[in-house]
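Novice: Structure in structure tokens, see below.
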Amino acid sequence: MKIHHLNCGTLSPKYPRLRSIVYCLLVETDDGPVLVDTGFGLQDYKKPSPMMDGFMRLMGVPRKVEETAVYQVKSLGYDPQDLKHIVLTHLHLDHAGGLRDFSQANVHLFKGELDSATQPRTLLERGCDSAHWTHDPKWVFYDQVDGKWLGFPRIDILEGISPQMHLIPLPGHTRGHCGVAVASDQGWIFNCGDAASPFHKEVDIHGYPEAQQSLNFLPGGLSHRFCGPHVPKLRQLIQEHGDEVNVFSSHDIYSFEKNLSSA
Ligand SMILES: [Zn+2]
């Protein structure tokens, strides 16, 4: 059972000058490959909506087809049509762009997230592109917490499928925003989405354990505003359970490079 770490969209804005990624996972399960977040999709590059085009210009997205999830799924030897499940942290345009490339897939997400995308209450919640779901995906909504996972509320998803996966509600960035925890042979992998560190500064890790630093780039006030209130608890998770869980965020290029080299 392998978990592939994928960059499904390089971000390299000029102001501020940063380099980042959209961190997705392809999880090999006993029910076929499962994608966690999709990054940008083919249509975003071929025929972007004005909003997406503006976002990609601002963020310096190179628009490489080779970075799309569908291209990488094929490169890993899978037929994209065989991908039955996508799990989403949230519906922002840099996370859900590839949904149309897997129109047959069930799309698993926290129920409040579609409400947040279709009836936005904050500026951040407006960061979705409804073109990404005009194909009417097979949504699978979850709204009930099933228990605890390392101190966080836990929603069981894809039940009966191995490895075990959970949505971990981390509201704040958007109302329905979640992290995704996946059991791997080496312990848990936890993509905490946009609940921490939108960018990784290239960088100074002096004085901090690497992962904590990567989850803590934005100053406190800004972090709370953009990511929600979870950074202290995520840091505590790393301190208390760092040997059993690998925590990273959706735009954490530092962890991505580290995880790729140890994969
Ligand atoms: Zn987001």
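Nothing in this text is a laboratory measurement; each read-out follows from the coordinates by a stated rule. Values in this document were obtained by computation on a predicted structure and should not be read as measured data. In this analysis, Cβ positions are derived from the backbone assuming ideal geometry, glycine residues included, and neighbour counts consider all displayed protein chains.
Novice: What is the dipole size for segment 72-118, taken about its Cα centre, with +1 at each Lys and Arg Cβ and -1 at each Asp and Glu Cβ, in debye to the nearest 20?
Specialist: 80
Novice: Can you spot the aspartates and glutamates whose alpha carbon is less than 15 Å from K233's alpha carbon? Ignore those fewer than 8 places along the same chain.
Specialist: D194
Novice: With labels modelled as points extended 7 Å from the Cα through the Cβ direction, what inter-label distance (nm, one decimal) is found for Q186 paired with K64?
Specialist: About 2.3 nm, to one decimal.
Novice: Once the mean 1/r over all distinct Cα pairs of the chain is inverted, what Kirkwood radius in angstroms do you read off?
Specialist: 18.2
Novice: Something else now. Neighbouring Cβ atoms within 10 Å as the yardstick, rank V87, V231 fewest first.
Specialist: By the 10 Å Cβ count, ascending: V231, V87.
Novice: Tally Lys and Arg at +1 and Asp and Glu at -1 over the other residues with C-beta under 15 Å from the C-beta of S49: what net charge comes out?
Specialist: Residues close to S49 contribute a combined charge of +2.
Novice: With a Förster radius of 22 Å, plug the Cβ-Cβ distance of M1 and E244 into 1/(1 + (r/R0)^6) and report the FRET value to the nearest 0.05.
Specialist: 0.80
Novice: Still on this structure, I have one more. Give me the percent of DSSP beta bridges within the chain that run antiparallel, rounded to the nearest 5.
Specialist: 60
Novice: When DSSP beta bridges are limited to those with both residues in segment 22-86, what percentage is antiparallel, rounded to the nearest 5?
Specialist: 60
Novice: Further question on the same structure: Under the Karplus relation 6.51 cos²θ - 1.76 cosθ + 1.60, θ = phi - 60°, what is the ordered set of whole-Hz ³J(HN,Hα) values for segment 74-89, x standing for Gly and Pro?
Specialist: Going residue by residue, I get 5, 4, 7, x, 9, 7, x, 5, 8, 7, 8, 9, 10, 10, 10, 6 Hz, with x marking Gly and Pro.
Novice: In whole Å, how far is the Cα centre of segment 117-160 from that of segment 13-57?
Specialist: For segment 117-160 versus segment 13-57, the Cα centre distance is 17 Å.
Novice: Which value, in debye to the nearest 20, describes the size of the charge dipole of the chain about its Cα centre when Lys and Arg Cβ atoms bear +1, Asp and Glu Cβ atoms bear -1, and nothing else is charged?
Specialist: 920
Novice: What shape does segment 83-180 take by its C-alpha gyration tensor, where a ≥ b ≥ c are the square roots of the eigenvalues and a/c under 1.5 counts as rounded, a/b above b/c as prolate, and the rest as oblate?
Specialist: Oblate.
Novice: Among D53, D94, D129, which comes first, second and so on when ranked by fewest other beta-carbon atoms within 10 Å?
Specialist: D53, D129, D94
Novice: Here's a follow-up. Select from H5, G242, L42 the residue farthest towards the positive end of the dipole of the chain; place +1 on Cβ of Lys and Arg, -1 on Cβ of Asp and Glu, and compute about the Cα centre.
Specialist: L42
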